[in-house]
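This is the structure I have questions about; it appears just below.
The values are calculated or read from the model by the stated rules, or taken from the named source; none is laboratory data. Computed from a prediction, not measured in an experiment: that's the story for all the values here. Cβ placement follows ideal geometry from the backbone for every residue including glycine, while neighbour counts extend to all protein chains displayed. Areas reflect the complete protein model, heavy atoms only, side chains present, ligands, DNA and RNA absent. Shrake-Rupley method; radii C 1.70, N 1.55, O 1.52, S 1.80 Å.
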Amino acid sequence: MSGLKRLLRSVFLVDLAKGLLLTLRYTPKPAFTFQYPAERRPVAPRFRGVLRLQVDPETGAQTCIVCDQCAKACPDDLIALGGHREPGQKIKILDYFDFNLSRCSFCGLCSEVCPTKPIKALIMSEDYELGSYSRATQILRVDEMYDGLPIEPYSR
Ligand code: SF4
Ligand code: SF4
């Protein structure tokens, strides 16, 4: 832009007028803001939130078969799990499932390889408000891993 053009733009407040016009154009439209945390924006259908274990919704039974595939698939070794087999039972009982949320990149590989059907034992949930001030609370144990657990919303 030449010097004269720039001078005329600033003398006649062209940029200011452009800004005001833009503001006026958007003023009658409804606001696209959410009053977080009172209002939460709905997440996209394929949103990858924190990992969650699922139980059978009808019986409440464990769906994880303790196959260890999720732990092996994780590139950062963030999942450790184990279980035991009761006499006469085909499926192992899940004893522990430790997940290090603090280093998770939400890549979804662990959930993708989970083989259980029709209910996937391990899913990327819609939960995302799990920030905390302590590293210890970023290690989720099995009882904190189930889908549907209430999340304590952030407050000062
Ligand atoms: S989402 Fe990715 S980084 Fe996070 S636990 Fe699963 S495999 Fe590991
Ligand atoms: S891959 Fe699925 S079924 Fe296998 S141990 Fe992980 S959560 Fe359980």
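Taking the Cα centre of the chain as origin, sum charge times position over the Cβ atoms of Lys and Arg (+1) and Asp and Glu (-1), and report the length of that vector in debye to the nearest 20.
Values: 21 positive and 18 negative charges, 253 e Å.
Using Cβ point charges on Lys, Arg, Asp and Glu, the chain gives about 1220 debye.
Would you work out which of Pro57, Gly131, Ala38 lies farthest towards the positive end of the dipole of the chain? Charges go on Cβ: Lys and Arg +1, Asp and Glu -1.
After comparing all options, I get Ala38.
Could you pull out every one of the aspartates and glutamates with an alpha carbon less than 17 Å from that of Lys5, ignoring same-chain neighbours closer than 8 positions?
Asp15
Over the chain, give the accessible area per residue in Å² for a 1.4 Å probe, as an integer.
Details: 11670 Å² over 156 residues.
Accessible area per residue: 75 Å².
Please report, as a whole percent, how much of the solvent-accessible surface of segment 23-102 comes from carbon and sulfur atoms (probe radius 1.4 Å).
On the way: 3120 of 5770 Å².
That fraction is 54 percent.
Specify the angular offset, from 0 to 90 degrees and rounded to the nearest 10, of the alpha carbon long axis of helix 14-26 from the longest principal axis of the alpha carbons in the chain.
Here the helix axis deviates by roughly 50 degrees.
If you filter segment 103-153 for trypsin sites (Lys or Arg not before Pro), then keep DSSP loop positions with at most 12 other Cβ within 10 Å, what is left?
Details: sites: Arg103, Lys120, Arg135, Arg141; in loops: Lys120, Arg135, Arg141.
Taking segment 103-153 and a limit of 12 other Cβ atoms within 10 Å, the loop trypsin sites (Lys or Arg not before Pro) found are Arg135, Arg141.
Here is a follow-up. Could you order Glu86, Glu129, Glu58 so the one with the most accessible surface comes first? Probe is 1.4 Å. List each step's numbers first, then the result.
Working: Glu86 80, Glu129 35, Glu58 170 Å².
Ranked list, largest accessible area first: Glu58, Glu86, Glu129.
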